[in-house]
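**Student:** Here it is, the structure in full.
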Amino acid sequence: MDPARTVTLTTSDGVAIAGDYWPADGAGIAYVVAHGFTGSRSIPRVRRISTQLAGTGATVLAFDFRGHGGSGGYSTVGDIARFADALTSHKLLSPASTELLITGKVAFGPGIRYAFGFADARDKNGNGWVGHGGGAPGMNGDLRIYPKSGYVVAVLSNFDPPAAQRISDYLDPRLPTS
């Protein structure tokens with residue numbers, strides 16, 4: 001397997017997004033590897049899964065989100081809300097791939113299953129949310145998408161975790177389910 005190529009993607013507003021790219025020989029499966037909220041494409045667990053996926057012959061792109069690792073810029077609540085809109089309106093992935101991405105696969109906590117980078121807290125009727133949150137000392141964020149009702153909760157905080165999750169938890173039972 002060839003080593004990764006370092007690539008730079010440029011957002012529509014001119015921010016450089018750093019990435020590592022393993023091209024495959026020919027057509028086939030492609031993976032986009034996204035790190036956790038405070039991570040980078042260079043941390044060992046992200047690098048390990050990226051190289052293992054590339055070793056299967058797949059094309060792999062691992063990138064640093066805006067404001068993380070080698071990428072420039074920062075994220076705003078508006079950026080996170082636009083991401084949620086692009087995901088749910090299938091501008092990023094097909095409907096089938098979106099469902100695969102957000103549908104929980106393994107138990108993650110009471111009433112929550114873990115999907116591919118997303119927590120899935122929906123009940124059997126589809127009520128509830130899918131999302132991702134995390135943080136480190138001095139910063140915390142939480143995104144919850146309510147697919148059935150169309151609501152999105154995006155919270156960023158300059159406080160230690162779980163500040164953002166507490167706000168999301170407060171709003172959760174107050175939002176309409178459909």
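**Student:** Please find, among G109, G138, G78, G126, the residue that is over 29 Å from T10 (Cβ atoms), loosely packed, with under 13 Cβ neighbours inside 10 Å and out of contact with any Lys or Arg (no Cβ under 9 Å at 6 or more places or on another chain). It would help to see each step written out before you state the result.
**Tutor:** Working: G138 fails: over 29 Å from T10 (Cβ atoms); G78 fails: over 29 Å from T10 (Cβ atoms); G126 fails: out of contact with any Lys or Arg (no Cβ under 9 Å at 6 or more places or on another chain).
Selected residue: G109, the only one of G109, G138, G78, G126 that is over 29 Å from T10 (Cβ atoms), loosely packed, with under 13 Cβ neighbours inside 10 Å and out of contact with any Lys or Arg (no Cβ under 9 Å at 6 or more places or on another chain).
**Student:** I'm checking my understanding of the structure. Among residues of the range 30-51 that are assigned to a loop (DSSP other than H, G, I, E, B) and not hydroxyl-bearing (S, T, Y), which one is nearest to A18 (Cα to Cα)?
**Tutor:** Filtering the range 30-51 for residues assigned to a loop (DSSP other than H, G, I, E, B) gives 35-43.
Next cut, not hydroxyl-bearing (S, T, Y) only: 35-37, 39, 41, 43.
Working: H35: 13, G36: 15, F37: 16, G39: 13, R41: 9, I43: 14 Å.
That would be R41.
**Student:** Also, I was wondering about something else. Could you check L92 against (1) touching a helix residue (DSSP H, G or I) at 6+ places or on another chain (Cβ under 6 Å); (2) buried (at least 18 other Cβ atoms within 10 Å of the Cβ) and say which number it fails?
**Tutor:** (2)
**Student:** For the condition of a type in the set (G, A, S), part of a helix (DSSP H, G or I) and not assigned by TED's automatic domain parsing to the domain that holds D142, what is the one hit in A54, A84? Break it down stepwise before answering.
**Tutor:** Numbers: A84 fails: not assigned by TED's automatic domain parsing to the domain that holds D142.
One residue alone meets the criteria, A54.
**Student:** Same structure, new question: Among the residues that make up the range 2-13, is at least one of them surrounded by 13 or more Cβ atoms within 10 Å (Cβ to Cβ), in a loop (DSSP other than H, G, I, E, B) and hydroxyl-bearing (S, T, Y)?
**Tutor:** Taking every residue of the range 2-13 in turn, at least one turns out to be surrounded by 13 or more Cβ atoms within 10 Å (Cβ to Cβ), in a loop (DSSP other than H, G, I, E, B) and hydroxyl-bearing (S, T, Y).
**Student:** Just give me the residues in the range 152-167 being without any contact (Cβ under 8 Å) to a residue 60 or more places away in the chain and farther than 8 Å from D142 by Cβ, in sequence order. Give the steps one after another, and end with the answer.
**Tutor:** So in the range 152-167, the residues without any contact (Cβ under 8 Å) to a residue 60 or more places away in the chain come out as 153, 157-167.
Passing the criteria: S157, N158, F159, D160, P161, P162, A163, R166.
The values are calculated or read from the model by the stated rules, or taken from the named source; none is laboratory data. As the structure is a prediction and not an experimental result, all values here were calculated from the model. For neighbour counting, all protein chains shown are included, and Cβ atoms are generated from backbone atoms with ideal geometry for every residue, glycine included.
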